Amino acid sequence: MAGAPGQTQDRSENRPAPAPAPGPGSEPTPPPPPAAPAEPAPAAAEEPQGALDSPTTALRVSLDDPTRTLRQATPAAAAAATAASAVATGASPAASAADADTVRAPQAPQPTPPPAEWRSAPAAEPWTTAPEAERTRPMAAWTPPPAPPPGPPGPGGPDGPPSGDEFPETTSEAMEVLATLNRRPASALRRTAKRIGLWGGLLCFLLVVLAVVQVLRPLPTPDLKLTAASNFAFTGSAPTLAWPPSGQATAEVSGLGSLGHTGSDNPVPIASVTKVMTAHLILKDHPLKSGELGPLITVDKQAQTEYQQSVSSGESSAKVTEGEQISEYQALQMLLIPSANNIARLLGRWDAGSDAAFVTRMQSEAGALGMTKSTYTDPSGLEGSTRSTANDQLKLAETVMLDPVFREIVGTASFTPPGDKLTYNNNDLLDKNGVIGIKTGSSTAALGCLMWAAEQKIGGTTQTVLGVVLSQPAVNGVGYLPMVLANSKKVILSAEAALQSHTIAKKGDVVGYADDGLGGKVPVVASKDVTVVGWGSLSVDVSLDPPIGGLPHTAKAGTTVGTLEVGTEPSAQQIPVTLQADLTAPSYQARLTRLG
């Protein structure tokens, strides 16, 4: 049998050594068991090196699984058992260990080398002869050895990454390590830090996006804000004008309000005051600029015939000849100054194609102007069926006096028509007491009628006073027309006397500011004295309006940036306002922090 490596021992040497003599007080050692009959040994040349004899084989084979497992798990115990077996069979412990290795090799992998403390354990006592009952007694149930004490944690702690000796060598091992790390429970501090990092990064990103959007957004349009009072109320009671004793009359200051009304508001015939609507439509359809004569109009046979008939009937008309050409401006002069009926109908046919079509247009325009109580049946007003009220006609007066060509014609005291002599205006009040027009009218049905306009200078301003007086009868031999002129004069003078003025701001006073929309404000000042005109109990509106197109984002001090409007359109006062300091674009800080 093989012993130590490189040595061969004779089988006769593998006999058990004599037992030592028992000491005093020790129990006598039982004799060794009788040896089993030996099997015939094969020839020496055929015996393989390291073969086991029958007793050894029997001893090794009779080991049960728990014992074999115990010897594999505890190398020291296995070594002791091997030595004991060698003593029993007469082989050396080294040879028995080799034989044991030879037999066990096919049954289980080599055990892991024992720890140092195990290797340093004292060698087992040689096998001694024991009584048969002791040597053959059943073994106790196998108990797994205790697990080795846990080593120190790795560099990352129990949950940390592996130490230098435990780094994964393959991709699969690395993935298992990563999966293990991901499955480890996160601490409250780690979860909080992770959330702070996530939400903090998101917040920083949103802040950057918001800053870019705020800077690139279009700037708001600057606006003007009024700091002065938005209205001014005059003290005292409302004025009482010198109204006519009969008929109906009304008056107002353009842009300020009504001065009152007298009489009924029922529609009455208005005679030649009708021609104001005729002229309004002609200028609306064929507008003229100051100094222009306009297109030529060819006189038809009907206009000539109507002139010839008017000589015997006494109807107001203008001398014209068929085929003659007159300008639009000349036709309007003949319509409004001597009040020619034949020219009114001629203009209607020239504009609309027929008298009926033109009358339809007149009625439509009345509705557009809010003249709900007016009815037009002919262009001249000769027919008594053309009816209106003083209040309706005042609305028309407000509109036509905005046209400079119309104002020029009705303010003309006299002119010379083509092919005729010098002709005077029927309005004898013209150019007196500030009267600047407009139109007279008289007939048996309408009595005396006058639409008038006057200008009054007060408080450095020019105010336009408008009025209408209708249905003035002849009194004590005084005809319709003189009577309406006289009564209208009284109304005009009393209206002009009722006006008063008050200065609400002087030149250079701050009346508001330019607001850039992001908190920047630049004061604006009046370019001249601001005077309010009115009468007792009247409240006048004051507003600050930007220019058409809006305010610029930047402008130098002294730049006109709007108007201070006193009163209401269409005749409100408009005082320019200028910047007191430079108007600059909003800063980047203002752009970033704006909310709107």
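The values are calculated or read from the model by the stated rules, or taken from the named source; none is laboratory data. This is a predicted model, so every value here is computed, not measured. Note: ideal-geometry Cβ built from the backbone for every residue, glycine included; neighbour counts use all protein chains shown. SASA here: full protein model, heavy atoms, side chains in, ligands and nucleic acids out. Shrake-Rupley method; radii C 1.70, N 1.55, O 1.52, S 1.80 Å.
Consider residue 457 carefully, then state whether it is at negative phi and in a loop (DSSP other than H, G, I, E, B). Spelling it out, it is not the case that residue 457 is at negative phi and in a loop (DSSP other than H, G, I, E, B). Filter region 361-411 down to the residues that are without any contact (Cβ under 8 Å) to a residue 24 or more places away in the chain and farther than 20 Å from residue 443 by Cα and list them by number. 363, 364, 367, 368, 372 - these are the residues of region 361-411 that are without any contact (Cβ under 8 Å) to a residue 24 or more places away in the chain and farther than 20 Å from residue 443 by Cα.
If we scan region 498-510, do we find a residue that is closer than 30 Å to residue 399 by Cβ, open to solvent by less than 50 Å² (accessible area, probe 1.4 Å) and not in a loop (DSSP other than H, G, I, E, B)? Yes, that holds for at least one residue. Looking for something assigned to a helix (DSSP H, G or I), at pLDDT 95 or above and under 60 Å from the mean Cα position of the chain (by Cα) - is there at least one such residue anywhere in region 411-430? No, region 411-430 contains no residue that is assigned to a helix (DSSP H, G or I), at pLDDT 95 or above and under 60 Å from the mean Cα position of the chain (by Cα).
Look at region 452-469: where a residue is more than 20 Å from residue 413 (Cβ to Cβ) and a partner is of a type in the set (Ser, Thr, Tyr), sitting 6+ places away or on another chain with Cβ atoms under 6 Å, you get 458/501; 459/501; 459/531; 460/531; 461/531; 468/250; 469/488. For region 486-496, residues that are surrounded by fewer than 21 Cβ atoms within 10 Å (Cβ to Cβ) and touching a residue at least 12 places away in the same chain (Cβ under 8 Å) total 5. Here region 243-275 is the region considered, the condition is being of a type in the set (A, V, I, L, M, F, W, C) and within 18 Å of residue 464 (Cα to Cα), and the residue that is farthest from the chain's Cα centre (by Cα) is 249. Of all residue pairs spaced 6 or more apart or on separate chains, those with beta-carbon atoms under 6 Å, a first member in region 300-322 that is under 18 Å from residue 383 (Cα atoms) and a second member that is among the charged types (D, E, K, R) and surrounded by fewer than 20 Cβ atoms within 10 Å (Cβ to Cβ) are 307/319.
Taking (1) of a type in the set (D, E, K, R); (2) open to solvent by 30 Å² or more (accessible area, probe 1.4 Å); (3) in a strand (DSSP E or B) in turn, residue 439 satisfies each apart from (2). Mind checking whether some residue in region 192-200 is closer than 30 Å to residue 592 by Cα and either touching a residue at least 24 places away in the same chain (Cβ under 8 Å) or in contact with a Lys or Arg (Cβ under 9 Å, 6 or more places away or on another chain) (or both)? No, region 192-200 has no match at all. Residue count for region 554-586 under the criterion of being surrounded by fewer than 17 Cβ atoms within 10 Å (Cβ to Cβ), in contact (Cβ under 8 Å) with a residue 24 or more places away in the chain and among the small types (Gly, Ala, Ser): the result is 3. It is to be established whether one or more residues within region 192-202 are open to solvent by 60 Å² or more (accessible area, probe 1.4 Å), in contact with a Ser or Thr (Cβ under 6 Å, 6 or more places away or on another chain) and either more than 29 Å from residue 548 (Cβ to Cβ) or at pLDDT below 90 (or both). Within region 192-202, none of the residues are open to solvent by 60 Å² or more (accessible area, probe 1.4 Å), in contact with a Ser or Thr (Cβ under 6 Å, 6 or more places away or on another chain) and either more than 29 Å from residue 548 (Cβ to Cβ) or at pLDDT below 90 (or both). When the criteria are applied in full, residue 403 fails the requirement of being closer than 22 Å to residue 244 by Cβ and crowded, with 16+ Cβ neighbours inside 10 Å.
Here is a yes/no grid of residues against (1) over 30 Å from residue 353 (Cβ atoms); (2) part of a loop (DSSP other than H, G, I, E, B); (3) open to solvent by 70 Å² or more (accessible area, probe 1.4 Å):
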| position | (1), (2), (3) |
| --- | --- |
| 228 | yes, yes, no |
| 243 | yes, yes, no |
| 264 | yes, yes, no |
| 278 | no, no, no |
| 291 | no, yes, yes |
| 297 | no, no, no |
| 306 | no, no, no |
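Residue check: is residue 186 more than 30 Å from residue 520 (Cα to Cα) and part of a loop (DSSP other than H, G, I, E, B)? Yes, satisfied. Return the residues of region 370-400 that are among the charged types (D, E, K, R) and either touching a strand residue (DSSP E or B) at 6+ places or on another chain (Cβ under 7 Å) or open to solvent by less than 20 Å² (accessible area, probe 1.4 Å) (or both); say none if nothing qualifies. 373, 378, 387, 392, 398, listed by residue number.
Where helices (runs of 4 or more DSSP H) fall entirely within region 330-401, those with at least 2 residues that are under 15 Å from residue 451 (Cβ atoms) are at 390-400. Under the condition of being within 21 Å of the chain's Cα centre (by Cα) and of a type in the set (Phe, Trp, Tyr), the residues counted in region 188-225 number 1.
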